[in-house]
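Read through the structure below, which is laid out as C-alpha cells, and then see the notes.
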Amino acid sequence: MIRTLSHAGLAGLIFSSLVACCSASTYPLAVLADNPVGYWRMTDVVALYPLVTNSGTAGAALDGTANGVKPHNQAWFGVEGPRPSAFAGFEADNVGVGFADDGTEYDTNGRIEIDDPGMDSVLDAGSGDSITMECWFNSNGVGSSQEYMISKGREGSSDYANYGLRLNYGGLVSFHFHTPDGKYVTWDGGLTGLDDQQWHYVALAHTFGDGTAGTGSTLVCIDGVDITSGGTWGGTGAGLQDAIPAVVDTDLMIGGARASTGNEFDGTLDEVAVYDRALTLSEMQSHYAAATVPEPGTLVLLASLLLGSLLIRRK
C-alpha cells in the first residue's frame with residue numbers, strides 16, 4: 001500500500017533533509033572526499049601544542065610541529081578562522097593559526113614544519129608529477145617581502161624550492177619553484193589586493209614538465225574563480241612553466257619558507273591541504289562552494305518555497 005504524507009509531514013521531511021545535508025561541517029568533508037595526502041585543519045593546535053595533526057591520507061607521518069609561533073595575548077593559536085555567517089560550511093568556533101612578519105616582538109620566524117618522510121615521498125614532486133596546494137588565508141598586508149603560505153624545499157637554502165605558494169607585493173598569489181641547476185621559475189597572478197584582511201580561498205595545481213614545450217600545466221582558483229589566464233610566467237629556469245623542478249628531501253613548511261628570517265606570512269592561515277595530484281577546476285570550485293552553503297535561516301525559506309510549490313501542484 002502506498003501512503004501519502006500530510007502537508008505537515010511533507011514540510012517536516014523537507015526541512016529535516018535540508019538541515020541534515022548542511023548541518024555537518026561541509027567544507028572539511030568536501031576536502032577529505034578528494035583525498036589530500038596532507039590536511040592540517042589547525043583546530044587542535046591549542047590543545048596539542050606543538051603538535052599539528054594531519055587529517056589527510058598520509059596520517060601521522062605528516063603531522064606537523066609548530067616552531068617559533070608564540071601566543072600574542074593568547075591569540076596566535078586559536079585565531080578566528082573562516083566561520084558562519086559568511087562561510088557557513090565551517091564550525092561556528094572554527095580556528096586557524098596566526099603568523100607575524102611585522103618586526104615586533106611577536107615576529108618570531110613562526111612556521112609549522114612537516115618532516116619529509118624521505119626520498120620519493122608523497123610530498124616530493126619531480127618531472128611528470130602533479131601537486132595541488134590549497135588553503136584559506138587572511139593577510140594583514142604584504143609589505144616589501146614575498147610571504148609564503150606553503151613551501152617545500154627551502155629549509156636550508158634559498159636556491160632550491162621544490163614548490164611554494166606565496167602572497168607577493170600588491171597582494172597577488174604567486175607560485176614558485178627552482179630547477180636542479182638553481183634557476184628559479186615563478187607564476188604571478190593578475191588579481192591584486194588579496195592582502196585586504198578578508199578570508200580568501202586559494203588552490204593551485206601544477207604538473208611539472210620535462211623541459212619541453214607543453215609538458216607543464218597550471219591551474220589557479222581564487223574564491224571559486226579560475227584566474228590562471230590572468231597570470232604571467234617569469235624567472236630564469238629553462239622552459240618556465242615546463243621546467244624540470246628541483247626535488248629536495250626537506251621539510252614542508254606552513255607560514256614560512258626557511259628556518260632563517262624573512263618571507264614569513266603575516267596573517268592567519270587555515271585548512272591547509274596538499275595533494276599528490278592536480279585537482280580539477282570543478283573540484284576546487286566544489287570545495288569553495290562547500291564553504292558557502294546556505295545557513296539554517298535560508299534553509300527554512302527554501303523548505304517553505306519548495307513546500308508551497310508542491311502544494312500548488314496538488315491543487
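Taken together, the values in this text are just the output of simple stated rules run on the coordinates, not laboratory data. Only a predicted model underlies this, so the values are computations on that prediction, with no experimental measurement involved. Note that each Cβ is placed from the backbone with ideal geometry, even for glycine, and that neighbours are counted across all protein chains shown.
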So, with points 7 Å from each Cα along the Cβ direction, the Tyr49-Tyr169 label distance in nm works out to 3.6 nm
Determine the sum of side-chain charges near His206: Lys and Arg each +1, Asp and Glu each -1, restricted to other residues whose C-beta is under 13 angstrom from that of His206. -2
Environment charge at Pro82 (Cβ cut-off 9 Å; Lys +1, Arg +1, Asp -1, Glu -1): -2
Using only Cα atoms, figure out Rg for the range 24-298 and give it as a multiple of 2.2 N^0.38 Å. 0.92
By the mean-Cβ-within-10 Å protection proxy, highest first, 41-54, 127-140 rank as 127-140, 41-54
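Work out the length of the dipole vector of the range 24-298 about its Cα centre, built from +1 on the beta-carbon of each Lys and Arg and -1 on the beta-carbon of each Asp and Glu, and round it to the nearest 20 debye.
Working: 10 positive and 37 negative charges, 37 e Å.
My answer is approximately 180 debye.
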For the range 198-203, Karplus-derived ³J(HN,Hα) couplings (6.51, -1.76, 1.60; θ = phi - 60°; whole Hz; x for glycine and proline) come out as 10, 7, 9, 9, 9, 9
Separation of the Asp93 and Met119 label points, Cα + 7 Å toward Cβ, nm: 4.7 nm
Kindly give the semi-axes, whole Å and largest first, of the ellipsoid equivalent to the range 188-272, taking each as the square root of 5 times a Cα gyration tensor eigenvalue. 24, 20, 12
For Asp223 paired with Thr280, estimate the spin-label separation in nm (one decimal), with each label point 7 Å from Cα along the Cα-to-Cβ line. 2.6 nm
Starting from the Cα-Cα distance between Ala289 and Gln197, subtract it from 0.36 nm times their residue separation and give me the gain in nm to one decimal. 31.0 nm
